[in-house]
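In what follows, a single structure is set out as structure tokens and then discussed.
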Amino acid sequence: MSEKSTSMRDVFRETVLELAEKNPDIFVLTADVGVSFGFPTMKERIPKQTVETGIAEQNMVGIATGLAHSGKIPFVFAHAFVLSMRALEQIRTDVCYSNANVKFVGYCGGVAGGVLGNTHHALEDIGILKSLPNMSIIVPADGKEMGKAVRAAVEHKGPVYMRIGRSNEPIIYQNDYNFEMGKAVTLREGKDISLIATGLVVSEALKAADELAEEGIDARVINIHTIKPLDRETVIRAAEETRGIVTVEEHNLWGGLGESVATVIAEEKCVPVKRIGIPDTFVVIGAHPEILERYGITASNIADKAREIVS
Amino acid sequence: MVQDAELVKRLKKMAAFIRRDSIQMSLKAGCGHVGPGLSWTDICTVLFFHQLRIDPKNPDWLNRDRFILSKGHGCLPLYSALARKGFFPMEKLDTFCQLDSCLGGHPDCLAVPGVEISTGSLGHGLPIAIGMAIAAKSDNKKYRVITVMGDGELQEGTVWEAAMAAAHYRLDNLTGIIDCNKLEIDGPVKEVMNIEPLKDKWKSFGWYVEEMDGNDIEDILSTLERVFGYKEEKPRIIIAHTIKGKGVSFMENQVVWHYKAPDNDEARQAIREIDLALTKLK
């Protein structure tokens, strides 16, 4: 783990360490997955602000709630699947019901677990958690965005779920930019079609836009890093100013970004919408990129869907 | 231990008032967990009117003791105690379970002053209490964290995840009280899913364990004194033997009163019994 790693988990570690060394109220909790993001380093540098719970995620979320109700800002780090599903009732009843100031980091979101298989994928986390009142959901597109999300989460009062990959996610942002929770980032302007993506597959949407440009199709690329609260205005503007929308995400097509976008479109301004994601199925065994390829979460499929709308 | 007779008498009277409030609230609402409320009423009374360092004028006082009713369904005496302590007006008790009331069937910490955390789903209180106890240590604060659980609640796995963690972190500022009324919805706890041997279980998890008669004010007073005075770096648990429906003869040890409101006649009879007990104290 080099200091300059751009992996979301490494950026998370470095950012939270930097903030926690200045603010003794910031805590980090983990349930025996700490080594993967450098928890030992954290224990050395902020020993009084780390809590290891062992393999007991429900207890971990309860402890985080107690810390939050005592003025602390706990970051809870665990695999996305176990956090969003095993500890779901604690997240809903302990954290969200009392609007406790707990921040969650869901590791290996989507199918980033690759060959570890379906037990370790989280293709439902967004759908499950977006139905909880008071919960905000951020799916950063790269490490730089994760760093900004962590800072924003500290400033935000209330629960925040941040979904990250496993490691070595593509780099989206070469330069600094303005990050605001609930405000989408238009990465590329365009007037023919809007490609709306979230998470590390934003990179595929950008590649698709390049491909389309060669054919004279001018694609807008929007990164929706905050799925809840959703930036409705940006979605509506995309519907008004382009001929349709393709959504791209690493999630079950039920419950994810595409569903949220399609709901806004149905309510506000009807244009064709095509959703790309994992169909309602458990996925095949394969490496992360192989799984994405199998289900069409690729630049070429995004471009195909865009062509169908434009032609 | 020699106890202040006046204190004991005052607490016994208060327990009777709280029982009466609970009956009246459930009568008016037509619902409520009456039996599981009555079983821990004496513990509730000693905590709120003798042990807990809390300030109704300043419910968010940073140094207050933290009390969590993990068995959130037992909220009738909690609401009564908070009102009688001055956290909110007594008239509010009349709104229990009415539309838009702050006092629902399970306590909501954003709505009710003095309620530390929203509870109702079992097995949640102890993990949250651990978080508060760790925060107290981190802030070098002397407040105590106390949670009351049901005995049936101990069937939840999270209780034992938390039991491990509290001992691991040597949380000597954490005290659990188990309201062992021996009954849950489907019948006697030992028949539904046996949780014994309870004392051995907690001991083996690394806790300091005490037992008491949870419906005897004198025993509760002296046990709490011992537990709060205990010096070793261990979390503390008190197994409180109680009677479900305690204080109303026809409700005692009757599982049907787990969730049932009295009708007018039953409420009259219950209040007559409670008032009779009060008269004997004078």
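Would you please name the residue that is nearest to A:Val201 (Cα to Cα), looking only at residues in the stretch A:274-287 that are touching a residue at least 60 places away in the same chain (Cβ under 8 Å) and surrounded by fewer than 20 Cβ atoms within 10 Å (Cβ to Cβ)?
A:Ala287
Could you pull out the residue among B:Val192, B:Val209 that is among the hydrophobic types (A, V, I, L, M, F, W, C) and assigned to a helix (DSSP H, G or I)?
Sole residue among the options that is among the hydrophobic types (A, V, I, L, M, F, W, C) and assigned to a helix (DSSP H, G or I): B:Val192.
Based on this model, can you work out whether B:Leu110 counts as of a type outside the set (D, E, K, R), over 22 Å from B:Gly37 (Cα atoms) and within 12 Å of chain A (Cβ to nearest Cβ)?
no
Here is a check on your reading of the model: is A:Leu116 over 28 Å from B:Thr119 (Cα atoms) and either of a type in the set (Ser, Thr, Tyr) or in contact with a Leu (Cβ under 7 Å, 6 or more places away or on another chain) (or both)?
no
Assess whether B:Gly123 counts as being within 14 Å of another protein chain (Cβ to nearest Cβ), open to solvent by less than 20 Å² (accessible area, probe 1.4 Å) and at positive phi.
Criteria met by B:Gly123.
If only one of B:Gly114, B:Gly176 is in contact with a helix residue (DSSP H, G or I) (Cβ under 7 Å, 6 or more places away or on another chain), assigned to a loop (DSSP other than H, G, I, E, B) and closer than 30 Å to B:Met14 by Cα, which one is it?
Being in contact with a helix residue (DSSP H, G or I) (Cβ under 7 Å, 6 or more places away or on another chain), assigned to a loop (DSSP other than H, G, I, E, B) and closer than 30 Å to B:Met14 by Cα holds for just one of B:Gly114, B:Gly176, which is B:Gly114.
Give the residues of the stretch A:148-184 that are assigned to a helix (DSSP H, G or I) and open to solvent by less than 10 Å² (accessible area, probe 1.4 Å), sorted by residue number.
A:Ala149, A:Val150, A:Ala153
If we keep just the residues of the stretch B:53-101 that are among the aromatic types (Phe, Trp, Tyr) and either within 14 Å of another protein chain (Cβ to nearest Cβ) or surrounded by fewer than 22 Cβ atoms within 10 Å (Cβ to Cβ) (or both), which is nearest to the chain's Cα centre (by Cα)?
Step by step, filter the stretch B:53-101, then rank; the result is B:Phe67.
Quick one: which of B:Ile239, B:Ile185 is touching a residue at least 12 places away in the same chain (Cβ under 8 Å), in contact with a helix residue (DSSP H, G or I) (Cβ under 7 Å, 6 or more places away or on another chain) and surrounded by 14 or more Cβ atoms within 10 Å (Cβ to Cβ)?
Exactly one residue qualifies, and that residue is B:Ile239.
Residues to consider are A:Arg45, A:Arg92; find the one that is within 14 Å of chain B (Cβ to nearest Cβ) and over 18 Å from the mean Cα position of the chain (by Cα).
A:Arg92
Just the residues that are open to solvent by 20 Å² or more (accessible area, probe 1.4 Å) and at pLDDT 95 or above, please, taken from the stretch A:299-311.
Within the stretch A:299-311, A:Ser300, A:Asn301, A:Asp304, A:Lys305, A:Arg307, A:Glu308, A:Ile309, A:Val310 meet the criteria.
Suppose we filter the stretch A:1-23 for residues that are open to solvent by 10 Å² or more (accessible area, probe 1.4 Å) and within 14 Å of chain B (Cβ to nearest Cβ); how many remain?
Counting residues in the stretch A:1-23 that are open to solvent by 10 Å² or more (accessible area, probe 1.4 Å) and within 14 Å of chain B (Cβ to nearest Cβ) gives 1.
Out of A:Val221, A:Val246, A:Val264, A:Val271, report the one residue that is over 15 Å from A:Ile138 (Cα atoms), touching a residue at least 24 places away in the same chain (Cβ under 8 Å) and in a helix (DSSP H, G or I).
A:Val264
Output the number of residues of the stretch B:148-172 satisfying the condition of being open to solvent by less than 20 Å² (accessible area, probe 1.4 Å) and either in contact with a His (Cβ under 9 Å, 6 or more places away or on another chain) or not in a helix (DSSP H, G or I) (or both).
Residues that pass the stated criteria total 6.
Can you tell me which residue in the stretch A:1-23 is modelled with the lowest pLDDT, limited to those that are part of a loop (DSSP other than H, G, I, E, B) and hydroxyl-bearing (Ser, Thr, Tyr)?
Only one residue fits best here, namely A:Ser2.
Could you tell me which residue of the stretch A:217-244 is nearest to A:Val261 (Cα to Cα), considering only residues that are open to solvent by less than 20 Å² (accessible area, probe 1.4 Å) and of a type in the set (A, V, I, L, M)?
A:Val235
The values are calculated or read from the model by the stated rules, or taken from the named source; none is laboratory data. Just so it is clear, the model here is predicted, and its values are computed rather than measured. Note: ideal-geometry Cβ built from the backbone for every residue, glycine included; neighbour counts use all protein chains shown. Surface accessibility is based on the protein's heavy atoms, side chains included, excluding ligands, DNA and RNA. Shrake-Rupley method; radii C 1.70, N 1.55, O 1.52, S 1.80 Å.
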